[in-house]
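Report on the following structure.
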Amino acid sequence: MIVDDLFTAVVALGKYQLLISANLSNHCAPSLSTYRNIMVKQTKPFIIEVKTTRRMKSKPAETARSIWGDLAVNLKQTLAMEEEAPAASPVQPDCAEQPGGSSPTVADHGEATAVQPESQFFEKWISRKAERPKVGSQGEVATFLARLEQQKVLLAEFQSDPDGFKRWRSAWFRKVPDGFGVSVSHDRIDAGDGLRYVVVDTLDDVSRFLDDLRHHAQTDPDFQQALKASRMRRAARLAGGKAR
């Protein structure tokens, strides 16, 4: 730094001498004010050059850094950790040395027990093998009796909540001005002597009519024949609808 300062001073002094020589070459002696102007003009650049030189020398030298430096360090640490992990893992003792060495046998026995019911599936259920009943294979009398039971359920729902009952499309009974009207199913089946619809006074009469109708379907051959004919007509209507 001292050498640079001296070099700058020498350069400034050389400039000063050149100015003086230039003035003397003009065949005129420099005045006192000229010397002052020369000194003032040369002092400021001289100080700026000295400060600039010091500022440049005070900066630390920057060394080029590789972008892979941090990655290389991290890679080395990762490899070191992976090498230490197998060495730190405890060694599992041999199965023959464990006191509970018979546990694999127990597990195998448990697996065999779990598989055993599957092997006995056919032996257990083959005796109950049967043909699945087709739709409509139930007898017409049994079908009619099942519908009567459904009407008893709907009647109980209406008795529990008359205002909230909404299943009128399924019910065979209706509330009429003179009481309750009851139909013999929705197919307008003749129960005998043209009996297809009755009007009763109370809900108890509706229940008794359904009970008597059940007994009539079980004992009257003519009514059973009417039920069979009604079923055949319904099947024909369904077949005709599908053919269209």
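Coordinate-derived values only; no laboratory data. Just so you know, these numbers come straight off a predicted model, no measurement behind them. So basically every Cβ, Gly included, is an ideal-geometry build from the backbone, and we count neighbours across all protein chains shown.
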For the stretch 140-243, convex hull of alpha carbons as volume per residue, Å³: 111
Electrostatic dipole magnitude of the stretch 140-243 [Cβ: Lys, Arg +1; Asp, Glu -1; Cα centre; debye, to 20]: 800
Top positive-direction residue, dipole computed over the stretch 140-243 with Cβ charges, set GLN218, PHE165, ALA229: ALA229
